[in-house]
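Computed from the coordinates by the stated procedures, all read-outs in this text should not be read as laboratory data. Because the structure is a prediction, the values reported are computed rather than measured. Because the Cβ atoms are built from the backbone with ideal geometry, glycine has one as well, and the counts that use them run over all protein chains shown.
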Amino acid sequence: MTTAPDPHTPPDPHTPPAPTDTAATASPAPSPETSPALSPAVSSRCLTVVADQTPDSPAPAGCNSSSPVPDAPGEASRPRKAASKAGADLRGEVLLTLAQLRLATPRQLKALLLPHQQDTDHVRRALRNLLGESPALVGRTHRAQQSYWYCTPAGLAEAAASGELAPTTGRTTGKRIAASKTGLREHGLALVDTVIAFHQAGLADHADWQVEVPHPTPAGNLLPDAVALLADGSSAFVEIDRTMSYARLLAKLERYDAYRNAPPSGRGNAARPPRSHWQETYAGPSLERPFPPLLFVFAPASRRAAPDTREATFHERARPNWRITVATTTLHRLTHDGADRPVWRVVGHGEGRRALTALPKPQ
């Protein structure tokens, strides 16, 4: 769980200190490279690409890099062959994560894939190797001395061919989002920070998120910001809000209600009556699970009211819908206190906050 220095004055989660962008230089004498320890959830999803750079090969100019150091004092370096294999595994995980979440910073990728690593050197090396492929598997955009990384079409094809991604139609690269000057990039980064908070709390693995998957309704497709498969097997819809008007937020609630009440599709059979899309997708084989909760995360934005103010106003205007559980929090609470803590305020249930596992079930 990440902590902020002062809970009363939270920093902007997407304004990191300005890094010094220097190229790595070759060592006079090569030495074995320390292999990063991947997150336990990572080891089951490995995509093999090109071999890693050896420690004494120079990095491309313009990339942050430094000589790797052991994860802990006194830790022995592993053989070079093992380090190369771990590097290939990490590159595969970086590629899959970018394909899944569309964009991320090196800091965010480190938080997901190498949570115990102190710096981003291993992640940056993996990104440089993916960028150096022909054609390049990832791309990057620089803004305010920060780099934002995304999959290229070739990278998406490589990730899809691995069979590790959930099948979905219309998967796109994050290039347009990364280069956006209209807030799309900050919106996407806030979503990744939300994924990190759930991942660190053990509520949902970062590999179990789907971004902007269409859900059919009679009035057209509903497009959630994300759907998370939770650790207990249930799901949750997640919406990030930075700049949306209250009228549009309330209209979004109506779209979810329309999806919840959409008529069944298909003919069914003698053993099972026809089901609606949400029942087929989320209710389980015996319809044992209720409609997934709808979780709003209010994130900061310039020239907008503070997230706490926006959250309070949303609760004043939203009408309770007992068929859907709607809960809200702020990005600061989520990242400072933890996604598994009592940070969720439920529409229609007063000002108290609950843990995600204690949310009321819809009727």
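Available extension along the chain between His116 and Ser134 is 3.3 nm, counting 0.36 nm per residue and deducting the alpha carbon span.
Trypsin sites (Lys or Arg not before Pro), restricted to region 278-332: which are DSSP loop and have at most 10 other Cβ atoms within 10 Å? Here the sparse-neighbourhood loop sites are Arg303. Per residue, the average separation of C-alpha pairs within less than 8 Å and at least 6 apart gives region 300-363 a relative contact order of 30 percent.
Shown here for region 182-241: GluC sites (Glu not before Pro) in loop regions (DSSP other than H, G, I, E, B) with at most 16 other Cβ atoms within 10 Å, namely Glu212. Counted by Cβ distance under 12 Å from Arg341, the other residues give a net charge of +1, where Lys and Arg count +1 and Asp and Glu count -1.
In plain terms, the chain from His142 to Leu250 could stretch by 35.4 nm, reckoned as 0.36 nm per residue minus the Cα-Cα distance.
Summarising the amide proton neighbourhood of Thr217: residues at separation of 5 or more, or on other chains, whose placed amide H is nearer than 5 Å comprise Leu222.
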